[in-house]
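Read the structure below first, then the notes.
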Amino acid sequence: MTPKPPVGYTFATDLELGPLTGALFEYVVGSSFVYLRAERDVMLVLFPISECEIRGLKDPEPQFKFLLPPVPLRHLIAILNQSREAARRKLEKLFYLCWDGSAWALEIPDQTQTEFSCEPLDSSEDSPHDRAIIEIHSHHEMEMETFFSDEDDSDEQGFRLYAVLGHVLSNPEIRLRLGCHGYYWYIPAGWVFDMPADLKDLHDSTAEGARG
């Protein structure tokens, strides 16, 4: 069997797409948008990345299909509590959520922490950084909004979910995005997490999603 190229290309002549044509991801050219389409063991995604206008093509519905159960409430509460401890010292903090085959595991790596950054000490193969499905970092209260910085964009180049927590000492917020090889799609945190009642979900996506 001929191996797939890293990146594939498809014209959406029908709303039903065929098999994925790229090993990493596929560009799907529609009538109004160019989409990114990719799949891995725990999720399938299709989302717009650029506007276009091409007559005769179709625009498939954006899709986020999560094949794992939601992250349990206890993990997000633990992350919030530890983020608050770090915020009281004016530090950011990094967390990983990994799937062990039957349950979610929260892993807090050895890390360097500063007022404006947090980085793992180990990012080698089979480290928590390598195995993580969801990567979360927190901001503290020093007028830091709940956003992804340009540095985050540069660092977050994997195919996984990324979240940032903000205002954790006063009015905690979370912003979640899917990252796929340098492309990003902001999605509701409720698609992935069992949410605490006091955590505000910031998102700017109205597309339909699903979790398996």
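Every number in this text was worked out from the coordinates using simple rules, so none of it is lab data. For clarity, every value in this text was computed on a predicted model and none was experimentally measured. Every residue, glycine among them, receives a Cβ derived from its backbone with ideal geometry; neighbour counts consider all protein chains shown.
Just add up the charged neighbours of Gln113: K/R +1, D/E -1, any other residue whose Cβ is under 12 Å from the Cβ of Gln113. Local net charge: -2.
How large is the Kirkwood hydrodynamic radius of segment 7-61, counting all unique pairs of alpha carbons, in Å?
Details: mean 1/r = 0.0899 Å⁻¹.
Here the Kirkwood hydrodynamic radius works out to 11.1 Å.
Projected area of the chain, taken from the Cα convex hull and averaged over every viewing direction, in nm²?
Numbers: hull surface 51.7 nm².
Reported value for the Cα convex hull: 12.9 nm².
Within segment 101-133, list the GluC sites (Glu not before Pro) lying in a DSSP loop whose Cβ has at most 10 other Cβ atoms in a 10 Å radius. Hits after loop and neighbour filter: Glu125.
Tell me which lysines have Cα within less than 20 Å of Lys200's Cα, excluding those fewer than 8 residues away on the same chain? Lys200 reaches Lys93.
List the trypsin sites (Lys or Arg not before Pro) in segment 35-75 that DSSP assigns to loop (not H, G, I, E or B) and whose Cβ has at most 11 other Cβ atoms within 10 Å. Which are they? Taking segment 35-75 and a limit of 11 other Cβ atoms within 10 Å, the loop trypsin sites (Lys or Arg not before Pro) found are Arg55.
At a temperature of 25 °C and a viscosity of 0.890 mPa s, determine how fast segment 38-108 diffuses translationally according to Stokes-Einstein, using the Kirkwood radius over alpha-carbon pairs as Rh; express D in µm²/s, rounded to the nearest whole number. It comes out at roughly 156 µm²/s. Placing unit charges on the Cβ atoms of the charged side chains and taking the dipole of segment 40-176 about its Cα centre, the candidate lying farthest along the positive direction among Pro70, His140, Gln157 is Pro70.
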